[in-house]
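See below for the structure under consideration.
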Amino acid sequence: MRMPKNLVWKLVSLLLAILVWLAYTSTPDVVTTYTAPIVYRNLASGWMVTGNSPENVHLELRGTPARLTPASLADAVVLFDLGNVNTTHQERTFTIAESNLNLPPGVAFLRAVPSQLRLRLARMAAKEVPVEIQLSGSLPSGYRIREQSVSPNRLRVAGPETLVATVSQVQTDPIELRYLSRSGEHRVDAFVDDPQVHFESSPAVTVKLIIERIGK
């Protein structure tokens, strides 16, 4: 009895599918490391994560090579839900577990480095502070600065409340005077010393120097 041609093709297709599945499932698992970013959600308004908390965690993962490609792990993150964190206790330790990860199917979590994170929470604050002009060197002989000004003369900084309270002013980048003999405006950036305090807007300022000859 002759088999229908389409049935033969169906049997061949089924056989090929079985062979592909066997080849895929028989691929031995491998172990790799992946650097995943840390994401926080549901943090109470007016609070921020501060201190030296890392931005990434190194994950040790196991799976088939096809499951551990950069493309398949591209969306993997370490997620911490801070919605239930009591802000009256401003330090909290989290142990990184599989429940903190959004790994794709077929990928197993082995361990994380670091395995724990101690998060420090701080109330946010902001204020305006004066901008101090910084000059470097001296004008050529026979010249002096008659007048100097900066615009804007105040900038708004923000960050953890306790650190913002210690900032009394910000400084401009130094302006080199050695080759100046004419009045002019100089576009420079302001700088705040504490890395955990930031500007709420652009730190660019304009320094105006009025230079004149001595004895003129």
**Item:** Top-ranked residue of the range 35-48 - restricted to ones that are at pLDDT 90 or above and crowded, with 17+ Cβ neighbours inside 10 Å, ranked as nearest to V113 (Cα to Cα)
**Value:** A36
**Fill in**
Reported set for the range 201-216 where residues are surrounded by 13 or more Cβ atoms within 10 Å (Cβ to Cβ) and not polar (S, T, N, Q) is P203, A204, V205, V207, K208, L209, I210, I211, E212
**Prompt:** Going by the conditions given, is V107 surrounded by 11 or more Cβ atoms within 10 Å (Cβ to Cβ), more than 30 Å from Q196 (Cβ to Cβ) and at pLDDT 90 or above?
**Reply:** yes
**Request:** Return yes or no: is T50 over 30 Å from M124 (Cβ atoms) and of a type in the set (S, T, Y)?
**Result:** no
**Request:** Would you check if L68 is part of a strand (DSSP E or B) and in contact with a strand residue (DSSP E or B) (Cβ under 8 Å, 6 or more places away or on another chain)?
**Result:** no
**Request:** Take A66 and decide whether it is surrounded by 15 or more Cβ atoms within 10 Å (Cβ to Cβ) and of a type in the set (A, V, I, L, M, F, W, C).
**Result:** no
**Item:** Scope the range 150-179; condition over 18 Å from P130 (Cβ atoms) and either touching a His at 6+ places or on another chain (Cβ under 9 Å) or among the aromatic types (F, W, Y) (or both); matching residues
**Value:** Y179
**Asked** Does V188 count as crowded, with 16+ Cβ neighbours inside 10 Å and without any contact (Cβ under 8 Å) to a residue 40 or more places away in the chain?
**Response** yes
**Selection within the range 49-65 - polar (S, T, N, Q) and either modelled with pLDDT of 85 or more or in a loop (DSSP other than H, G, I, E, B) (or both)** = N52, S53, N56, T64
**Subset of the range 36-80 [out of contact with any Lys or Arg (no Cβ under 7 Å at 6 or more places or on another chain) and among the charged types (D, E, K, R)]** = R41, E55, R62, R67, D75
**Prompt:** Across the range 167-199, which residue is nearest to L209 (Cα to Cα) among those that are within 24 Å of the chain's Cα centre (by Cα) and among the β-branched types (V, I, T)?
**Reply:** V170
**Qualifying residue in the range 79-86 (condition: over 30 Å from L209 (Cβ atoms), over 24 Å from the mean Cα position of the chain (by Cα), exposed (fewer than 14 other Cβ atoms within 10 Å of the Cβ) and modelled with pLDDT of 90 or more)** = no
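The values are calculated or read from the model by the stated rules, or taken from the named source; none is laboratory data. Worth saying up front: this structure is predicted, and the values here are computed from it rather than measured. As a convention, Cβ positions derive from the backbone with ideal geometry for all residues, glycine included, and neighbour counts pool all protein chains shown.
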